[in-house]
Amino acid sequence: MYHAHPNPNEVDMRSLLNLIVAITLVSAVFSQTTPQPAVTVIRAGTLIDGKSDQPRRDQVIVIRGNRIESVSDASAARTPAGAAVIDLSHATVLPGLIDSHTHIFLQGEDPAQGGYDANILKYPLAFRAARATVAARRALEQGFTTLRDLETEGAGYGDVGIKEAIEGGYIPGPRMLVVTRAISSTGGYNLEGYAPELDMPKGAQIIDGPVEARKAAREQLDHGADWIKVYMTHRSWVGKKGELVSQPTLTVEELKAIVDEAHGWGKKVACHAYNGIGLQRALDGGCDSLEHGLEITDAQIAQMVKQGTWYCATLAAYYHDWAPADTPAGQRDRQRVAAHGVSFQKALKAGVKIVFGTDMGGILWTEPMAQEFPRMAEFGMSPIEIIKSATSRAADMLDMTGQIGVLAPGAYADIVAVNGDPLHDISALGAVTFVMKDGGVFKNENK
Ligand SMILES: [Zn+2]
């Protein structure tokens, strides 16, 4: 209901106007005395802008401060006076890459090093943070200027801290969108297999019931989560008919409480789900991005298209560390990849929005992140679509359209270059020779 207020008196209005005039004058003086942000010019032999299907030859990118000011044909471009020029005229220039599924706090879980459990049970948080710092740097030097990092695996809110350290300029690293602790249910996450009398720490925040689910989401959002990560399946095995079976975790009601809460904060929810009941609950509960999706039925694919659900398949991760073929675990490992490729092909054909993700951390950070690119090509995705999945399409999912994942005026100056032509051989993206983030050159092997 509208309540009438007394009109502001004239004196108030006049003092307000005076204040506006004063601010305008101060800012005019300030902008005259403040040095203009540095201007950099990049000459690009071939430019793939992340959005359009066609590459362009001989382009000039003008960067002012941390933003792209213009992209134009070299013949028409004017180099601003005093600009630093970077010559990438023999390279292919692209937007900084986006990996939508990483774990900077995981280190490959080498069983010889004590596996997943040792990470939580033995290492001080500062040690884990130091290693996460190295992981962040590794991602940046491979051309990934943005990561959606999908849980700290028992390192609490450490990802928020690493993100702050990067943003503060203390350590090099990509733009980080972080989820903090992630959420699963009782019986739905490691550590497990210890004496029931022991109260073991868990790699995710454990909830039971919609009230606890919502509370966990609130806590995580309150402490800096950019996204919420939910585990909708946990264990998986091969069933009686040779089929892949996954244990479901949260109920639809629990997930709905989390999604409702996150959406209220203007944030999204990523759901880890392999297949079956848990994957169905993920879709029915309204998750925004499906992680892994090893086996997706035709009906579920149709539901994803209808609901606009993003798909981050992380194909390459499932080709690692297979158990021997004659063991139940080994059969499960083989069953996973067989189903995964089929799901990816179906999703591609149906027009599901696919984003690039590696699950690094599950894979050792010493391994190349680019190994996911040829896997996507293997299952029928064209090079330009793969590039978009790691640039403009990921930016759309992250609600950063036009800010990242594109070489266009107004975008952050996150720019990479490779030798060779990734449109002919997508594995060219595995050899990034130039990395700029926020207008600052982090790596340049083209000198
Ligand atoms: Zn993961």
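Would you mind working out the accessible area per residue for the chain, using a 1.4 Å probe, and quoting it in Å²?
Accessible area per residue, the chain: 45 Å².
So which trypsin sites (Lys or Arg not before Pro) in the stretch 238-307 pass both tests, a DSSP loop state and at most 15 other Cβ atoms within 10 Å of the Cβ?
Loop-located and lightly packed - Lys240, Lys241.
What is the chain's relative contact order, in percent, from Cα pairs under 8 angstrom and six or more apart in sequence?
Across the chain, relative contact order equals 17 percent.
Using a/c under 1.5 as the rounded threshold, could you call the chain rounded, prolate or oblate? The axes a ≥ b ≥ c are square roots of the C-alpha gyration tensor eigenvalues, and prolate needs a/b larger than b/c, oblate otherwise.
oblate
Run the numbers on the stretch 273-379 and let me know its relative contact order in percent, using alpha-carbon pairs under 8 Å that are six or more apart.
Worked out over the stretch 273-379, it gives 28 percent.
For the chain, build the charge dipole from Cβ charges (+1 Lys, Arg; -1 Asp, Glu) around the Cα centre, then report which of Ala129, Asn444, Leu140 sits farthest towards its positive end.
Asn444
Kindly write out, for the stretch 98-112 in residue order, the coupling ³J(HN,Hα) from the Karplus curve 6.51 cos²θ - 1.76 cosθ + 1.60 (θ = phi - 60°), rounded to whole Hz, with x marking Gly and Pro.
Result, rounded to whole Hz: 10, 9, 8, 7, 9, 9, 5, 8, 10, 10, x, 6, 4, x, 5.
Students often forget the sequence filter, so: which aspartates and glutamates lie under 12 Å Cα-Cα from Lys229 once same-chain residues fewer than 8 apart are removed?
Reachable aspartates and glutamates: Asp149, Glu151, Glu153, Asp288, Glu291.
Using the beta-carbon distance between Lys306 and Ser70 and R0 = 35 Å, what value does 1/(1 + (r/R0)^6) give for FRET efficiency, to the nearest 0.05?
The computed FRET efficiency comes out at 0.35.
So which cysteines in the chain don't have a second cysteine's C-beta under 4.7 Å from them?
Cys312, each lacking another Cys Cβ under 4.7 Å.
Under a 5 Å amide H to amide H cut-off, with H placed in plane at 1.01 Å, what residues pair with Gly405 once short-range neighbours are removed?
It is Gly96, by chain and number.
For the pairs Lys163/Lys443; Lys215/Lys240; Lys215/Lys306, note any where the Cα-Cα span goes beyond 32 Å.
Over 32 Å apart, Cα to Cα: Lys215/Lys240.
Between the stretch 189-203 and the stretch 391-439, what is the separation of their alpha carbon centroids in Å?
So the separation of the two Cα centres works out to 41 Å.
How much net charge surrounds Lys163 when only other residues with a Cβ under 11 Å from its Cβ are counted (Lys, Arg +1; Asp, Glu -1)?
-4
Once you list every other residue whose beta carbon is under 12 Å from the beta carbon of Arg281, what net charge do they have if Lys and Arg are +1 and Asp and Glu are -1?
My count for the surroundings of Arg281 gives -2.
Search the structure for amide H atoms under 5 Å from the amide H of Gly420, placed 1.01 Å from N in the peptide plane, and list their residues when 5 or more places away or on another chain.
Long-range HN contacts for Gly420: Thr92.
Anything over 29 Å Cα to Cα? Flag those among Lys51/Lys346; Lys353/Lys447; Lys268/Lys349, in the order listed.
In this structure, Lys353/Lys447 lie more than 29 Å apart at Cα.
Would you list Tyr157, Tyr311 from the most to the least accessible area, probe 1.4 Å?
Sorted by accessible area, descending: Tyr157, Tyr311.
Residue-wise, which Karplus ³J(HN,Hα) couplings in Hz belong to the stretch 341-350, taking 6.51 cos²θ - 1.76 cosθ + 1.60, θ = phi - 60°, and x for glycine or proline?
Whole-Hz 3J(HN,Hα) from phi for the stretch 341-350: x, 4, 4, 4, 4, 5, 5, 4, 5, 7.
Keeping all protein chains in position, work out how much accessible area Asp425 exposes to a 1.4 Å probe, and write it in Å² to the nearest 10.
80 Å²
Between Arg78 and Asp222, what is 0.36 nm times their sequence separation minus the Cα-Cα distance? Round to one decimal in nm.
47.1 nm
Taking Cα centroids, how far is the stretch 79-121 from the stretch 308-373 in Å?
Each part's Cα centre sits 19 Å from the other's.
Within the stretch 87-159, which trypsin sites (Lys or Arg not before Pro) sit in a loop by DSSP and count at most 14 neighbouring Cβ atoms inside 10 Å?
Answer in residue order: Lys122.
Apply the Karplus parameterisation 6.51 cos²θ - 1.76 cosθ + 1.60, with θ equal to phi minus 60°, to every residue of the stretch 292-298 and state each ³J(HN,Hα) to the nearest whole Hz, in sequence, with x for glycine and proline.
Karplus values, whole Hz, x for Gly and Pro: 6, x, 5, 9, 10, 6, 4.
Take peptides 110-118, 317-325, 366-374 and line them up by average Cβ neighbours within 10 Å, highest first, as a rough protection proxy.
366-374, 317-325, 110-118
Just want to confirm a number: the relative contact order over the stretch 402-447, from Cα pairs under 8 angstrom separated by 6+ residues, in percent.
In percent, rounded to a whole number, it is 30.
The values are calculated or read from the model by the stated rules, or taken from the named source; none is laboratory data. Computed from a predicted model, the values in this text were never measured in an experiment. Quick reminder, even Gly has a Cβ in these numbers, built from the backbone with ideal geometry, and neighbours come from all protein chains shown. SASA here: full protein model, heavy atoms, side chains in, ligands and nucleic acids out. Shrake-Rupley method; radii C 1.70, N 1.55, O 1.52, S 1.80 Å.
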